Amino acid sequence: MERRTIGAGALSVGAVGLGCMPMSWAYNGSRQRGDESLRAVHRALDLGVTLLDTADMYGPFTNELLLGRVLRERRDEAFVSTKVGLLVGEQHIVANGRPGYVRRACDASLRQLGTEVIDLYQLHRADPEVPVEETWGAMAELVGAGKVRALGLCAVGARGGRRSVGGLYDGTLRQLRRVQQVFPVSAVQAELSVWSPEALESLLPWCVARDIGFLAAMPLGNGFLTGTLTPGEGFERDDLRARHPRFTAEMMAANQPIVVGLRRVAARHGRNVTPAQVALAWVLAQGRHVVPVPGAKRERWVTENSAASRLRLTPRDLAELAELPRALGSWD
């Protein structure tokens, strides 16, 4: 598989990563199977998908424990990325950026993952009660202690919120400028897909200008861009899409032209090419700094996603995808 680098430290990863969150958090809880997920992770590594992205809050903790079962056998083949900064309560999620907590959380993640070092440690969300420089400074100390190799920041932007006219990532850019003064940022993770391209306006250019890696979250639009979801079919209660403004039956029907466009491009590349692969190839086409991190919990989807790194979109394809209608949400 094609290789890409994250940050000026030239940390090497496969062109497509694996988002492990769906294996134990946020999507169709009744369909989560530990053994099936383990096979998916092993399959990813077999295919050269080295970036495994998780967080301590997924589960919580069970996602890291699941990955730890694979890493015991194949640590040298994996690039491990996890996150800190969010705590899961009974009915809520809160940020915690206190330095003492960050240090304890890192030690817990190392135990759960069964590894001596985390390749990329990301700040999931900044704590509004703690100066971000203090949180980042504690994370930097972990690099000095040899527990972490590089630091990343997760962007606050379009995820589920009402869109503004501009400046969607202004807050994230301010945070990045502040933490960059404390310790180098190696990667930024933010939503980027055919139906959520907003990061192209300012966030990705900021990263490119500083040789910072960009992890494209939700590159398949929470599954919508795969073309496998049926409007009106509904979601399980614990599925985040059950409350997402783009996943009402009305909005899913209204956004079908986007999937139709992906299918049209896929058809030009062969009968076995899927809309999901076109969507991932579009993300990869945004530059060498970009690594899409699609979520998957089955071997089949991991195999399909990995193959997208071999798909080369033509100028005609890219122009056609650029002309797809803007995605609608329930506020539109």
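Residue count for the stretch 49-84 satisfying the condition of being at positive phi and touching a Ser or Thr at 6+ places or on another chain (Cβ under 7 Å): 1. The set of residues in the stretch 285-301 that are within 20 Å of residue 214 (Cα to Cα) and either buried (at least 24 other Cβ atoms within 10 Å of the Cβ) or out of contact with any Pro (no Cβ under 8 Å at 6 or more places or on another chain) (or both) comprises 285, 286, 287, 288, 289, 290, 291, 292, 293, 294, 296.
Being modelled with pLDDT of 95 or more and either crowded, with 19+ Cβ neighbours inside 10 Å or in contact with a helix residue (DSSP H, G or I) (Cβ under 7 Å, 6 or more places away or on another chain) (or both) is a description that does not apply to residue 229. Remark: residue 194 falls outside the filter, which requires a residue to be modelled with pLDDT of 95 or more and over 25 Å from residue 329 (Cα atoms).
Of all residues in the stretch 68-91, those satisfying the criterion of being among the aliphatic types (A, V, I, L, M) and under 15 Å from residue 121 (Cα atoms) are 78, 80, 84, 86. Every residue in the stretch 176-209 that is in contact (Cβ under 8 Å) with a residue 60 or more places away in the chain and open to solvent by 60 Å² or more (accessible area, probe 1.4 Å), please. Those that are in contact (Cβ under 8 Å) with a residue 60 or more places away in the chain and open to solvent by 60 Å² or more (accessible area, probe 1.4 Å): 184, 208.
Every condition in (1) more than 23 Å from residue 323 (Cα to Cα); (2) touching a helix residue (DSSP H, G or I) at 6+ places or on another chain (Cβ under 7 Å); (3) surrounded by fewer than 18 Cβ atoms within 10 Å (Cβ to Cβ) holds for residue 237 except the one numbered (2). Within the stretch 95-111, being assigned to a helix (DSSP H, G or I) and either touching a strand residue (DSSP E or B) at 6+ places or on another chain (Cβ under 9 Å) or open to solvent by less than 30 Å² (accessible area, probe 1.4 Å) (or both) holds for 100, 101, 102, 105, 106, 108, 109, 110.
The values are calculated or read from the model by the stated rules, or taken from the named source; none is laboratory data. Since this is a predicted model, take the numbers as computed values, not measurements. Quick reminder, even Gly has a Cβ in these numbers, built from the backbone with ideal geometry, and neighbours come from all protein chains shown. Keep in mind that these areas ignore ligands, DNA and RNA; they rest on the heavy atoms of the full protein, side chains included. Shrake-Rupley method; radii C 1.70, N 1.55, O 1.52, S 1.80 Å.
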